[in-house]
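Here the structure comes first, spelled out in structure tokens, and everything after it is commentary.
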Amino acid sequence: SMGGAVIVEAARKMATSMFIKTSDPVLVERVASDMSLAPPNVGIGAGEEFINHNIAQALEKITVPVRYICSDRGPFDLEAARQHCSSFEVVFMSGVGHFVMIEDPATFNRLLDETVQEIVSHQKRAA
């Protein structure tokens, strides 16, 4: 249907916009294809949740250390995050878009391991 084609094209555009110019085109196509083939209600539901979710309220409920491993491609307001969650720390990855864990799994896994070890060692010292 025409509506279905519009949704598929919108999903493809959304997916490709999450990458950077140097991202692997095979990976970009794989993700764009996966996202565009999902049932429309999945994408629409995810979009609605993204728009309606109160991230500040959610952060305020968290009682464990928060670490966010993300791309350095866009602005990130760490101070704003810390206003709602004092333990919030961010680790940036360069040369990747939104999908850090699939664009550079080796670096992501190393950073994840370091982050978990940091939290565990801090918890042991605090005990």
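The values are calculated or read from the model by the stated rules, or taken from the named source; none is laboratory data. None of the values given here were measured: they were computed from a predicted structure. Virtual Cβ from ideal backbone geometry, glycine too; neighbours counted across all protein chains shown. Remember, those area values only see protein heavy atoms, side chains included, never the ligands or the DNA or RNA. Shrake-Rupley method; radii C 1.70, N 1.55, O 1.52, S 1.80 Å.
General remarks:
- What you get for the chain, charging only the Cβ of Lys and Arg (+1) and of Asp and Glu (-1), is a dipole of about 140 debye around the Cα centre.
- Separation in nanometres of the label points that stand 7 Å from Cα toward Cβ, at I62 and H122: 1.1
- Packing-based ranking, highest mean first, of 70-82, 10-22 given that Cβ atoms within 10 Å are counted: 10-22, 70-82
- For I69, residues with placed amide H under 5 Å, excluding near neighbours: V91
- A simple spin-label model places the labels of R30 and V42 1.6 nm from each other, with each point 7 Å out along Cα-to-Cβ.
- Fully extending the segment from F50 to E79, taken as 0.36 nm per residue of separation minus the present Cα-Cα distance, adds 8.3 nm.
- Surface composition of region 42-127: carbon plus sulfur atoms hold 57% of the accessible area, using a 1.4 angstrom probe and ignoring ligands, DNA and RNA.
- Rh by Kirkwood over Cα pairs, then Stokes-Einstein D for the chain at 1.002 mPa s and 20 °C, µm²/s: 127
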